[in-house]
Amino acid sequence: MTGSDDAGRGGETVPGSARVTVRAIGGITECETGFDPGVTVLSGRNATNRTSLLTALVGVLGGEAATLRSDADSGEVELSVDGRTHTRRYARQGDAGPVTASGSPLSEEQELVDLFVGLVEDNEARRAVERGEDLRELIMRPVDTGEIRTRIRKRERERERVETELAEIERERSRLPGLEERRRDVESEISELAADLEAVRGAVEEAEASEAEAERAEALLEEIDDCRQELSRIEREVETQRTSLEALREEREEVEAELGELTVEEGAIEGLDGKVDRLRSRKRELEDLVGDLSAVVDVNDDLVSADGPALPGVETGTADPSAALDPMSREVECWTCGSRVRRGAIADRLEELRRVIDEQRAKRDEVAADLEAAEERRAELRDAADRREALEGRLRDIDRQIERREERLDSLGADRERVRSEREALEADLEAVEAPEDDELVEQYRRLSDLEYERGQLDQRLSAVESEIEGIETLAEDRPGLEAHREELSEEIDALRSRIGDLERAAVEQFNDRMADLLDRLGYENLERVWIERRTDPGRGGSATFDLHVVRESAAGAVYEDTVETLSESEREVIGLVVALAGYLVHEVHEEVPFLLLDSLEAIDAERIDALLEYFAEYAPYLVVALLPEDARALETAHDRIPADDLAS
């Protein structure tokens, strides 16, 4: 069936409207209706499938699965909104088997939808105030604190690496003044040596000697100089290899020390994997159980409501006057077994079921806390295991490098001995060509060779110093980028660390602001202020608690703090709804799920319901509310309405 055409919900979907089709869900056999942006009122008595439609919407929006009709093997909910269609299908496995859900709901964030979108009677956020539950835990439950801590640890390791690089740059930059001085000294030595070279070259040119002797001596001196150059190169490489080898051995000691301090419990990760899987499975079981029990309570609440209409199986024509005065004494036909039972007996059983639901929710919260602790511990162990694997890999790499450098040092030692032997042989040949009359010439050649060798050494020293200076200056060019990256990491770490606190403060601010607004609009007598105080508890590691305060005004105008227990049912309902609205806003649920669903507002008078709906409609594009006919008629604002007859099964 479809909603009423006079409410703008005919066969055509107008721009911005949403349409929903429900089949075999709760008490609904099949119906189709639509919602325009704004407030839509589902008007009718209890047991007219208003709650069934709302629970069907909760399911297709991404919340807990709706209840499949007891006489159906499958059911479906289809929602079209913003040009997209979302579905939730339900199928029973066997005659009495479990019901499985499939399809593509609007959101994958079930917890957000269940807590802050589907505000039906047993919604946890609405009941939190009445039950004295931890408001902070409830509002912050969707935040994955374990994942936040893991991200913080990763960013901290990255920042440590960046800071190590910056410290190395600073150490290198501190060497620049000494290197600059060394460059000036070497340049001064080269300048002085150039004058000596020029003088010796002039003396050689003026010396008298035979051309053959001069060429032979010059050739030998060049070869000797080549040997000296080769020896110098070998010595430099030997020094480089020894320095690298020393650094590698020091790094090896550091890696071994860190490995020695790193403790990884063998098999602990696998054990935690199993524990996490078990806890997740247990949490899902408890969530499914809570959902199933809540659905049973919702369906039967409508059935046994004293305000409800005459229903199939209800004895309406009893002659017992006391039964007319006490609707709970009237009998109904049990929809599960067909026997006739008093409404009061079912109501008593439902109270027992509510207590069971509360107990199972408490167990679920305990399991969720254990799950978070296990996931966090597993993340720590995985980080340690990854670090150990990285260190062991680095140790193997260091050992390979040490082995290569030791082999290279052995090879360089052999090369050095060979070149020294060649030089000694050349020097002997030079002695053989020396003649008494040529002593001065040979000495000049030797002097020239020594000076040229020394000049070559100085040039190499200058080149090495300039290369070091250039390398440090190039390294320093990376400094601004590294500092910027470090700043980004620090900001991200600070943001991650403060994210939980920021969300807590934002939730408190949202609740306090919305509560103040509504108290002004609803006009509760002598209720001056209701507000949440966020306090950090040193006994809980600095974590926060939310303390709910109630401030009243006496007849004499004096302001005093009261307790939550003194609140009227109407006041508690409003505060619970504001808790849910604060969660809806602080987690920005409206950006993904543009719906708020309200039910069971009978404790609030019609005038205040009207003001409440107007206020909530400011924050959700679609607000769907189930109201009794008298409450719906009393609304002063002209909202779109869907009569209960349009939802008939």
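Some points to look at:
Every residue, every condition in (1) of a type outside the set (A, V, I, L, M); (2) free of Cβ contacts under 8 Å to residues at least 24 places away in the same chain, yes or no:
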position	(1), (2)
V550	no, yes
Y560	yes, yes
H587	yes, no
P594	yes, no
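- Among the candidates E614, E571, residue that is buried (at least 18 other Cβ atoms within 10 Å of the Cβ) and more than 23 Å from S294 (Cβ to Cβ): E571
- Boolean, V162 is aliphatic (A, V, I, L, M), within 23 Å of the chain's Cα centre (by Cα), surrounded by 14 or more Cβ atoms within 10 Å (Cβ to Cβ) and in a helix (DSSP H, G or I): yes
- Whichever residue in the range 65-82 is closer than 30 Å to G16 by Cα and modelled with pLDDT under 85 and, among such residues, is surrounded by the fewest Cβ atoms within 10 Å (Cβ to Cβ): A65
- The range 243-263, residues that are within 36 Å of the chain's Cα centre (by Cα) and either free of Cβ contacts under 8 Å to residues at least 12 places away in the same chain or not in a helix (DSSP H, G or I) (or both): E254, A257, G260, E261, L262, T263
- For beta carbons closer than 7 Å, sequence separation of 6+ or different chains, a first residue in the range 264-291 that is under 29 Å from V113 (Cα atoms) and a second that is part of a loop (DSSP other than H, G, I, E, B), the qualifying pairs are G291/E64; G291/A65.
- Residues satisfying the stated conditions in the range 64-88, i.e. farther than 24 Å from H590 by Cα and under 36 Å from the mean Cα position of the chain (by Cα): T67, L68, G75, E76
- Test for V579: is it of a type in the set (A, V, I, L, M, F, W, C), buried (at least 20 other Cβ atoms within 10 Å of the Cβ) and outside any helix (DSSP H, G or I): no
Quick grid of which residues meet (1) over 16 Å from L106 (Cβ atoms); (2) under 35 Å from the mean Cα position of the chain (by Cα); (3) buried (at least 24 other Cβ atoms within 10 Å of the Cβ); (4) in contact (Cβ under 8 Å) with a residue 12 or more places away in the chain:
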position: T21; (1), (2), (3), (4): no, no, no, yes
position: G26; (1), (2), (3), (4): yes, no, yes, yes
position: C31; (1), (2), (3), (4): yes, no, no, yes
position: V39; (1), (2), (3), (4): yes, yes, yes, yes
position: R50; (1), (2), (3), (4): yes, no, yes, yes
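- Lone unmet requirement of (1) modelled with pLDDT under 90; (2) basic (K, R); (3) surrounded by 14 or more Cβ atoms within 10 Å (Cβ to Cβ) for R514: (1)
- V593 meets the stated requirement of being at pLDDT 90 or above, surrounded by 15 or more Cβ atoms within 10 Å (Cβ to Cβ) and outside any helix (DSSP H, G or I).
- Exactly one residue out of R552, R572, R633, R608 is more than 28 Å from S104 (Cα to Cα), of a type in the set (K, R) and outside any helix (DSSP H, G or I), and it is R552.
- Qualifying residue in the range 118-137 (condition: farther than 30 Å from A66 by Cβ and at pLDDT below 85): no
- Breaking point among (1) modelled with pLDDT under 90; (2) closer than 16 Å to A611 by Cα, for R540: (2)
- All of E163, E158, E111 fail the test of being acidic (D, E) and either within 30 Å of I604 (Cα to Cα) or without any contact (Cβ under 8 Å) to a residue 24 or more places away in the chain (or both), apart from E111.
- Tallying residues that are of a type in the set (D, E, K, R), loosely packed, with under 13 Cβ neighbours inside 10 Å and either modelled with pLDDT under 90 or in contact with an Asp or Glu (Cβ under 7 Å, 6 or more places away or on another chain) (or both) within the range 83-104 yields 1.
- Residue match in the range 636-649 (condition: hydroxyl-bearing (S, T, Y) and more than 26 Å from H590 (Cα to Cα)): yes
The values are calculated or read from the model by the stated rules, or taken from the named source; none is laboratory data. It should be emphasised that the depicted structure is a prediction, and the values quoted were computed from it without experimental measurement. When we count neighbours, we look across all protein chains shown, and the Cβ atoms used for this are built from the backbone with ideal geometry, even at glycine.
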